[in-house]
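See below for the structure under consideration.
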Amino acid sequence: MNVIEVEGLTKYYGNFLAVDHIDFEVKKGEIFGFLGPNGAGKTTTIRMLTGILRPSEGKIRIFDMNLREKMLDIKERMGIVPEMANPYIDLTALQNLMLVGRLYGMKKGEIKERCVELLRLFGLYEKKDKKVRSFSKGLKQRLSLAMALLPDPVLLFLDEPTSGLDVMSARLIKRVIREENRKGKTIFMSTHNMADANELCSRIAIINHGRLVAIDTPEKLKKIGERHTVIELSLEPFKFDAERITSADRIELLGDKVKIYTRDADSVIKEIVDYAKKEDLKILSLTTEKPSLEDVFVYLVGDKSE
């Protein structure tokens, strides 16, 4: 069963085409990753899926209902966590959660029970009576996710859920995402963090310039880059002339290391050894590996930093 079905989804801002006739579905019970560079159309797509923006063209069906016709029915079963945490900063953590419960028409006793449960889950119970104004970004993001989970939605939209967070907050949020998914929730997650996408998502869609360029499981997406080998090199002293490695397709300098992408690993390694000998350099490390999800992402959308 598909929880989300999108057909020909399109959004214009004046003459600018932000989302260009995209089609995809999200299956019940999966964590669906939505990746793309800045300005690719990710947030615009999420805003259309959550009813904030009206599409210029196309159809959106959620829970087998037309979003435009059954907006309220659908939103009652949906939770949303925007990229920027959105609790009311002049209310306490508990007051924010209580407000959400009342807005969803939950019974008073049920609201209180859920509030305590979620405050403890997100490590916020000791801060429940403190105004959110004093919270760090990580604590605000924890509270935003708790607010989205309060009415126990069956579909959860997360826009950059771990962006800019400290390690402990990011780990906690990822653990909660997994737990909620195990309970049967379908999760639609936009992220720039390739490690999070690889770790959490059962399928991933990649959007670029408003168009979907790939959609598959993380492991199958990685196969797109299998014709390349990635070689990581460290030299002492660190000295590297990229023009001497003629068999490379692409070279990145990463601090005191070099990352080389090639379809001819044997020739590149011979060139590295020859270069090190001629320049009297010591090879500290030389490793080869298959491309990561991040490498495939860069290959598909183009590396604008080069």
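Values computed for the structure shown
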quantity: Förster radius 22 Å - calculated FRET efficiency between ILE283 and ALA195 (Cβ-Cβ, nearest 0.05); calculated: 0.20
quantity: Principal-axis tilt of helix 93-103 within the chain, Cα atoms, nearest 10 degrees; calculated: 60
quantity: Footprinting exposure proxy for ARG142, ARG102, ARG178 (fewest neighbouring C-beta atoms within 10 Å first); calculated: ARG102, ARG178, ARG142
quantity: Positive-end residue, the chain charge dipole about Cα centroid, Cβ charges, pick of GLN141, GLY58, LEU124; calculated: LEU124
quantity: Segment GLU5-HIS21, length gained on full extension (0.36 nm per residue, minus Cα span); calculated: 4.4 nm
quantity: Of LYS28/LYS137; LYS107/LYS137; LYS222/LYS282; LYS28/LYS222; LYS127/LYS174, those spanning more than 26 Å from alpha-carbon to alpha-carbon; calculated: LYS28/LYS137; LYS107/LYS137; LYS222/LYS282
quantity: Virtual spin-label span in nm between ASP249 and MET84, 7 Å along Cα→Cβ; calculated: 4.0
quantity: Cα centroid of the range 1-80 to Cα centroid of the range 120-171, whole Å; calculated: 24
quantity: Distance (nanometres) between label positions extended 7 Å along Cα→Cβ at LYS59 and GLU110; calculated: 3.3
quantity: The chain - mean residue ellipticity at 222 nm from DSSP helices (-39,500 (n - 2.57) per run, n ≥ 4, rounded to 500); calculated: -10000 deg cm²/dmol
quantity: Full-extension gain in nm, ASN66 to LEU99, via 0.36 nm per residue minus C-alpha separation; calculated: 9.1 nm
quantity: Relative exposure of LEU49, LEU103, judged by other C-beta atoms within 10 Å (fewest first); calculated: LEU103, LEU49
quantity: Test item: Cα-centred dipole of the range 2-217, Lys/Arg +1 and Asp/Glu -1 on Cβ, debye; calculated: 760
quantity: Residue exposure sequence - ARG175, ARG250 - by fewest surrounding Cβ within 10 Å; calculated: ARG175, ARG250
quantity: For the range 204-306: rounded, prolate or oblate by the Cα gyration tensor [a/c cutoff 1.5]; calculated: prolate
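Every number in this text was worked out from the coordinates using simple rules, so none of it is lab data. Bear in mind that the values here come from a model prediction, so they are computed numbers and not experimental data. Virtual Cβ from ideal backbone geometry, glycine too; neighbours counted across all protein chains shown.
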